[in-house]
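Report on the structure given below.
The values are calculated or read from the model by the stated rules, or taken from the named source; none is laboratory data. All figures in this text were calculated on a predicted structure; none of them were measured in a lab. Quick reminder, even Gly has a Cβ in these numbers, built from the backbone with ideal geometry, and neighbours come from all protein chains shown. Heads up: the accessible areas ignore ligands, DNA and RNA and are worked out on the full protein's heavy atoms, side chains in. Shrake-Rupley method; radii C 1.70, N 1.55, O 1.52, S 1.80 Å.
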Amino acid sequence: MSISHAPPGSSEPDISRISTSKAGPDARPDDHAPLDLVPLVPTSSRRTRVPRWLRRTTGPLVLLALWQLLSSTGVLTSDVLASPGRIAHVGWDLIDSGSLTSAMATSLQRVAIGLLLGTVIGTGLALVSGLFRIGEDLVDAPVQMLRTVPFVGLIPLFIIWFGIGEAPKVAIITLGVTFPLYLNVYAGIRGVDSQLIEAGESLGLSRWGLVRHVVLPGALPNAMTGLRYSLGIAWLALVFAEQINADAGIGFLMVQARDFLQTDVIVVCLIVYAFLGLLADFVVRTLERLLLQWRPTFTGR
Amino acid sequence: MATDVHGPVTAQPVTSQAVRVEGLTRSFDGRPVIDRLQLDVRQGEFVALLGRSGCGKSTLLRILAGLDRDIEGTVLVPRRKAVAFQAPRLMPWKKVWRNVLLGLPGKPERAVAERALAEVGLGDHADAWPKTLSGGEAQRASLARALVREPDLLLLDEPFGALDALTRIKAQRLVGELWQRRGCAVLLVTHDVEEAVLLADRVLVMDDGVIAHEQHIDLDRPRDITDPRFAELRAGLLERLGVDTAAEAA
Ligand SMILES: Nc1ncnc2c1ncn2[C@@H]1O[C@H](COP(=O)(O)OP(=O)(O)O)[C@@H](O)[C@H]1O
Ligand SMILES: [Mg+2]
């Protein structure tokens with residue numbers, strides 16, 4: 001029994017049973033063991049009945065409840081972090097007095113101008129270096145070089161150049177927005193399927209027609225990604241810019257609150273930043289849904 | 001356009017000729033893929049081009065389409081020509097009807113696209129995104145996009161290659177019908193001998209960078225693949241392509 005072709009695990013009686021049931025080479029085993037059939041559940045019944053928005057809001061609400069619990073039991077003292085109830089109250093007061101709304105307006109304006117300028121410059125440069133070989137040679141290298149300079153580090157220089165008004169703040173946001181947009185739009189343009197370009201050529205599209213109907217729409221998914229990155233960086237840049245000698249805006253409110261140890265006001269300002277960020281993200285998501293509905297990509301289950 | 005007149009691919013009317021190629025050479029890195037090739041296609045003629053993979057069929061087709069001008073020799077093609085590639089190459093960001101009208105001069109009406117789509121049996125899909133089309137539907141949309149240009153020369157590069165057998169038969173029949181209705185010259189690149197014999201007036205076999213063999217197909221249309229003469233032509237061409245049919249039957 002030392003030479004055996006049976007796998008080491010198989011036992012003697014099992015082998016003999018199979019050999020007896022197979023009488024000849026084309027005899028079919030008539031004692032099929034019943035297969036274990038698994039029901040495939042249709043998606044409609046597999047989906048939970050809890051609506052999506054409710055599922056999405058559950059997590060934050062639980063966190064909020066936990067926070068309130070910690071505050072009211074005294075584990076979290078108010079000079080470390082104010083309670084949610086207190087923050088809601090302070091937030092309401094700030095809105096009521098108009099100081100929060102005017103600060104928001106100021107900050108939003110800074111972001112909007114910076115974003116606009118950054119988008120124009122970033123996209124413009126990307127078009128020049130994406131569409132033309134000569135543009136790439138002239139533009140890409142300097143942009144790639146400048147990109148490695150941390151833009152926040154330029155704040156002192158910008159203050160010297162632009163003073164302490166709105167200009168340095170907008171400039172920092174513009175700078176932060178420009179690079180991610182440039183990189184993504186450029187990558188998008190260079191990533192357009194050459195087969196589609198050729199198809200466009202064969203259809204008689206002019207150079208500009210190719211850019212308009214093939215290259216730009218093809219680069220749009222990347223451009224949207226770039227826009228999302230840019231928005232994130234725009235808020236970050238705003239926070240940095242406003243912490244340094246601002247006399248209006250959300251950052252100014254925060255600096256003031258820090259001087260008076262008002263953690264509640266600081267948290268309100270952070271929430272406002274987060275809320276504005278979410279809002280911006282929502283706008284881009286909606287834009288993506290409208291502009292990129294043609295995309296045959298995975299959209300999640 | 002000045003480039004059209006003075007460029008290597010020249011568009012000018014040549015009586016009763018749809019394509020005229022003389023001494024065409026195209027090299028990649030010094031290796032000639034097309035080597036002093038001669039080719040003539042009459043107006044309204046259906047020509048099929050066979051050849052083993054990599055022999056330069058697509059290269060020749062791209063040259064005729066004006067997409068590759070890195071050539072030597074004379075190439076005369078009609079001004080109005082259209083191409084359908086093996087992949088449909090629809091712009092995914094344009095609805096089907098906008099794809100059909102893409103690149104047409106002026107501001108063509110949507111109805112123009114709808115007529116062309118109806119002709120290929122896609123009338124209901126004008127408003128669809130390309131991602132929602134099946135392979136055969138996308139290929140037909142690509143065909144409609146070519147036909148809407150009312151070409152005098154239709155260039156097809158293995159347009160049925162990626163289709164399943166049943167869809168392919170339908171698409172072949174469609175191309176045959178469209179050709180008879182439009183009367184344009186067709187150059188069909190294919191690797192399917194049966195398809196070539198089924199559709200073409202003349203079958204060319206490409207090898208070593210030239211047209212190595214020519215076979216006129218004089219069978220009546222519509223053609224019957226069970227006809228013994230059909231089988232004979234098919235076997236002859238297969239032999240030309242280096243496939244031994246006797247061994248295949250054994
Ligand atoms: N852009 C290119 N650069 C280098 N070689 C190429 C290029 N395009 C095609 N070739 C070569 O030319 C030959 C013919 O290609 P192709 O015309 O696509 O063949 P097919 O007959 O299968 O359509 C192949 O050997 C291919 O490798
Ligand atoms: Mg090919």
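Assorted remarks:
- Candidates A:ARG86, A:ARG110: the one that is in contact (Cβ under 8 Å) with a residue 60 or more places away in the chain, out of contact with any Lys or Arg (no Cβ under 7 Å at 6 or more places or on another chain), part of a helix (DSSP H, G or I) and of a type in the set (D, E, K, R) is A:ARG86.
- Scanning segment B:100-133 for residues that are out of contact with any helix residue (DSSP H, G or I) (no Cβ under 6 Å at 6 or more places or on another chain), within 22 Å of B:ARG168 (Cα to Cα) and more than 13 Å from chain A (Cβ to nearest Cβ) yields B:ALA118, B:GLU119, B:GLY121, B:ASP124.
- The condition (being in contact (Cβ under 8 Å) with a residue 60 or more places away in the chain and exposed (fewer than 15 other Cβ atoms within 10 Å of the Cβ)) is satisfied by just one residue among A:SER102, A:SER97: A:SER102.
- Residue selected from segment B:73-94 under the condition touching an Asp or Glu at 6+ places or on another chain (Cβ under 6 Å) and closer than 25 Å to A:GLY218 by Cβ, by the criterion farthest from the other protein chains (Cβ to nearest Cβ): B:GLN86
- Checked against the criterion of being over 21 Å from A:ALA248 (Cβ atoms), open to solvent by 30 Å² or more (accessible area, probe 1.4 Å) and not small (Gly, Ala, Ser), the candidates A:LEU146, A:LEU231 yield just one match: A:LEU146.
- Every residue from segment A:107-128 that is surrounded by fewer than 24 Cβ atoms within 10 Å (Cβ to Cβ), over 20 Å from the mean Cα position of the chain (by Cα) and polar (S, T, N, Q): A:GLN109
- Verdict on A:GLY226 being within 14 Å of chain B (Cβ to nearest Cβ) and either surrounded by 15 or more Cβ atoms within 10 Å (Cβ to Cβ) or in contact with a His (Cβ under 7 Å, 6 or more places away or on another chain) (or both): no
- Inside segment B:139-150, residues that are open to solvent by 10 Å² or more (accessible area, probe 1.4 Å) and within 12 Å of chain A (Cβ to nearest Cβ) make up a count of 2.
- You will find that of B:LEU156, B:LEU147, B:LEU143, the residue that is within 19 Å of B:ARG89 (Cβ to Cβ) and within 16 Å of ligand 2 (Cβ to nearest atom) is B:LEU156 and no other.
- When A:PHE240 is tested against the conditions (1) touching a residue at least 60 places away in the same chain (Cβ under 8 Å); (2) within 14 Å of chain B (Cβ to nearest Cβ), the lone failure is (2).
- Counting residues in segment B:43-57 that are within 13 Å of chain A (Cβ to nearest Cβ), on the phi < 0 side of the Ramachandran plot and touching a residue at least 24 places away in the same chain (Cβ under 8 Å) gives zero.
- In segment B:50-61, the residues that are within 10 Å of ligand 2 (Cβ to nearest atom) and touching a helix residue (DSSP H, G or I) at 6+ places or on another chain (Cβ under 8 Å): B:GLY51
- Checklist (1) surrounded by fewer than 18 Cβ atoms within 10 Å (Cβ to Cβ); (2) over 26 Å from A:LEU154 (Cα atoms); (3) touching a residue at least 40 places away in the same chain (Cβ under 8 Å) applied to A:LEU290, failing item: (3)
- Helices (runs of 4 or more DSSP H) enclosed by segment A:146-214 - at least 1 residues per element that are within 13 Å of chain B (Cβ to nearest Cβ) and among the hydroxyl-bearing types (Ser, Thr, Tyr): A:194-202
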